[in-house]
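See structure below.
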Amino acid sequence: MKKQKPQRHSNAKRTSARKTVDEYLAAVPEPARSTLKGVRAAIRAAAPAETTETISYGMPMYKYKGMLIGYAAFPKHCSLFLATSSLLKMFKDELSRYKTSKGTIRCPTDQPLPASLVKKIVKARVAQNDQKQDR
């Protein structure tokens, strides 16, 4: 019998699939829950009114003319999923103190990304999606 590889799951308790972002956040322990609530507020403030909030791949995601941005809590960090690595290059200096890889930014669960930075990233991603739509 093959041994299953351990899976890396988000820190939201996996007793059942979460159907809403509120359910997802309720299952995340502190301090990550407060960190993600701040991220959520910043995304909602910067995203256009037509943006939809959903659960995709078991985590909160936002869609606006395609994938906009997502986030999740893990045991030792919170992640912001940018859907593209081009934003990492665009915000290279502001992100220098955070761990990044491909289209992801990681921060400690008790040290959230600044709301102003999250808003700038969301606005840049909205511009990218608008540009793709116009082609």
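Read-outs throughout are calculated quantities, based only on the coordinates presented, and are distinct from any laboratory measurement. If you're wondering where the values come from, they're calculated on a predicted model, not measured in any experiment. A quick note on method: Cβ atoms are made from the backbone with ideal geometry, for glycine too, and the neighbour counts reach across all protein chains shown.
Only Cα sites of the chain enter the Debye sum here, all with the same form factor; the resulting log10 I(q)/I(0) across q = 0.11, 0.12, 0.19 1/Å is -0.39, -0.46, -1.10, listed in q order.
Using a Förster distance of 30 angstrom, determine the FRET efficiency expected from the C-beta separation of S116 and K19, and round it to 0.05.
0.45
Protection proxy ranking for 112-120, 98-106, using the average of other Cβ atoms within 10 Å per residue and placing the highest first: 112-120, 98-106. The dipole here belongs to the chain: it is taken about the Cα centre, uses +1 on the Cβ of Lys and Arg and -1 on the Cβ of Asp and Glu, and is about 620 debye.
Dividing the convex hull volume of the alpha carbon atoms of the range 78-135 by its residue count gives 71 Å³ per residue. Between Y71 and F81, the built amide H atoms are under 5 Å apart, and every one of these is 5 or more places off in sequence or on another chain.
Annotation note: GluC sites (Glu not before Pro) in the range 26-135 located in DSSP loop regions with a Cβ neighbour count of at most 11 within 10 Å are E50. The residue among S86, V118, L25 whose Cα reaches farthest toward the positive pole of the charge dipole of the chain, with charges on the beta-carbon of Lys, Arg, Asp and Glu, is S86.
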